[in-house]
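Down below is the structure, laid out as structure tokens.
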Amino acid sequence: MKRIVVKIGSNVLTGPDKSIDKDIMLSLVGQVVTLRQKGYQVILVSSGAVACGRSMLKIKAKLDSVEQRQLYSAVGQARLMGMYQDMFSEKGIITGQVLTMKESFSTRREYLNQRSCMEVMLSCGVIPIVNENDTISVTELMFTDNDELSGLVATMMDAQQLVILSNVDGIYNGNPNDPDTSVIPEIKPGDDISCYIGTVKSGFGRGGMQTKYSIARKVAGEGVRVTIANGKRENILTDLILKDGKNVPHTVFVPAESGTSSFRKWIANSQGFAKGEVRIDGNAVKVLKGKNAASLLLVGVTAVEGDFEEGDIIAVLDPNGKRIAVGVSSYSSAEAVSNMGKHDMRPIIHYDSLFIE
């Protein structure tokens with residue numbers, strides 16, 4: 001079965017009064033049902049909990065930004081899931097909630113636990129609805145926004161396509177308010193259109209087009225087709241998926257050819273979870289960046305930083321301190337320091353556990 005991940009942004013789900021737009025939500029639910037009937041497995045990554053909670057509560061007390069997010073998400077997530085459950089159940093479909101945090105992607109065990117949970121849900125006909133657990137996440141452990149989360153879910157679940165629904169039609173080749181600009185229809189591997197990307201964040205969401213562009217490029221580089229489109233357009237999902245986006249403005253990131261395994265995808269997405277780092281000499285850099293796959297040997301390590309254990313993700317830095325790779329360490333930091341520079345030792349990172357950036 002074809003598997004797609006659909007990310008629905010807060011600005012798609014909210015109306016002019018900043019409350020949940022039930023008509024938009026019903027429309028998207030109906031389109032997901034249609035995709036299911038056409039043989040697609042669909043995973044939803046849905047924002048909207050904080051916006052939903054904010055519209056339900058009128059708080060007089062002064063709360064800081066973390067307290068507000070925790071309160072609104074705690075109230076709003078329950079309401080949001082209730083709405084999804086009611087709408088899908090009318091179509092005879094059961095939904096399941098998956099609340100996660102960035103930390104939950106940091107270890108292989110938790111990564112596989114999440115994957116297994118969603119796999120069994122899909123195999124039993126349940127639609128997973130994923131969101132960040134904002135009641136527990138704190139600032140330094142949060143996803144940039146649900147664009148980042150949807151990218152991690154898409155690669156983790158080996159999806160063929162990730163659709164990011166926002167309140168814009170895609171990436172423009174200029175100012176969207178300028179009548180002479182248009183949506184860039186296709187971005188191929190290696191294309192650099194960063195000059196067109198604005199840094200303004202969206203109204204309700206934490207991110208903006210810069211985040212969407214960065215995530216889309218990365219996910220497409222791992223073999224997943226990524227589409228950015230306007231979720232408020234009528235029948236946008238069915239037009240994109242079933243009609244190949246004909247006559248609908250959108251931006252597609254063409255996927256790179258990739259035979260990347262789930263394990264290596266996890267490593268590729270683990271840069272932010274590194275527990276430590278090793279610096280290597282110039283010869284080791286040449287070997288790692290050569291044409292043939294190679295492991296990182298301790299003889300090429302010149303410095304070890306951080307406190308890590310065997311099995312933790314660590315970063316690999318070149319002599320100038322630039323990160324060139326991440327991988328799973330075969331040693332603790334103490335063992336790496338004791339054996340640094342030695343010959344005839346097992347690799348500190350085996351090539352099967354190494355991702356060159």
>> When the residues of the stretch 247-277 are narrowed to those that are in contact with a strand residue (DSSP E or B) (Cβ under 8 Å, 6 or more places away or on another chain) and part of a helix (DSSP H, G or I), which ends up modelled with the lowest pLDDT?
In response: Gln271
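Looking at the stretch 141-161, can you tell me whether even one residue there is under 13 Å from Val5 (Cα atoms) and open to solvent by 50 Å² or more (accessible area, probe 1.4 Å)?
Yes, because at least one residue in the stretch 141-161 is under 13 Å from Val5 (Cα atoms) and open to solvent by 50 Å² or more (accessible area, probe 1.4 Å).
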> If you scan the stretch 65-106, which residues turn out to be in a loop (DSSP other than H, G, I, E, B) and touching a residue at least 60 places away in the same chain (Cβ under 8 Å)?
Replying inline: Lys91, Ile93, Ser106
> For the stretch 218-241, what are the residues that are at pLDDT 90 or above, more than 16 Å from Ser46 (Cα to Cα), under 19 Å from the mean Cα position of the chain (by Cα) and surrounded by fewer than 20 Cβ atoms within 10 Å (Cβ to Cβ)?
Replying inline: Arg225
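What are the residues in the stretch 289-340 that are aliphatic (A, V, I, L, M) and open to solvent by less than 10 Å² (accessible area, probe 1.4 Å), if any? Outline the logic, then answer.
As a first pass, look at the stretch 289-340 and keep what is aliphatic (A, V, I, L, M): 293-294, 296-299, 301, 303-304, 313-317, 324-326, 328, 334, 336-337, 340.
Correct list: Leu296, Leu298, Val301, Ile313, Ile314, Ala315, Val316, Ile324, Ala325, Val326, Ala336.
With Asp244, Asp281, Asp191 as the choices, which residue is surrounded by fewer than 18 Cβ atoms within 10 Å (Cβ to Cβ), of a type outside the set (Gly, Ala, Ser), modelled with pLDDT of 85 or more and in contact with a Gly (Cβ under 6 Å, 6 or more places away or on another chain)? Quick ask: steps written out before the conclusion?
Values: Asp244 fails: in contact with a Gly (Cβ under 6 Å, 6 or more places away or on another chain); Asp191 fails: in contact with a Gly (Cβ under 6 Å, 6 or more places away or on another chain).
Just a single option satisfies the conditions, and that option is Asp281.
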>> Tell me the residue from Leu63, Leu112 that is within 30 Å of Glu310 (Cβ to Cβ) and among the hydrophobic types (A, V, I, L, M, F, W, C), please.
In response: Leu112
>> Anything in the stretch 317-345 that is under 19 Å from Lys286 (Cα atoms) and either in a loop (DSSP other than H, G, I, E, B) or more than 23 Å from the chain's Cα centre (by Cα) (or both)? List them, or say none.
In response: Leu317, Asp318, Pro319, Asn320, Gly321, Lys322, Met340, Gly341, Lys342, His343
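The values are calculated or read from the model by the stated rules, or taken from the named source; none is laboratory data. Quick caveat, the model's predicted, so the values are computed rather than measured. Note that each Cβ is placed from the backbone with ideal geometry, even for glycine, and that neighbours are counted across all protein chains shown. The area values use the complete protein model at the heavy-atom level, side chains included, leaving out ligands, DNA and RNA. Shrake-Rupley method; radii C 1.70, N 1.55, O 1.52, S 1.80 Å.
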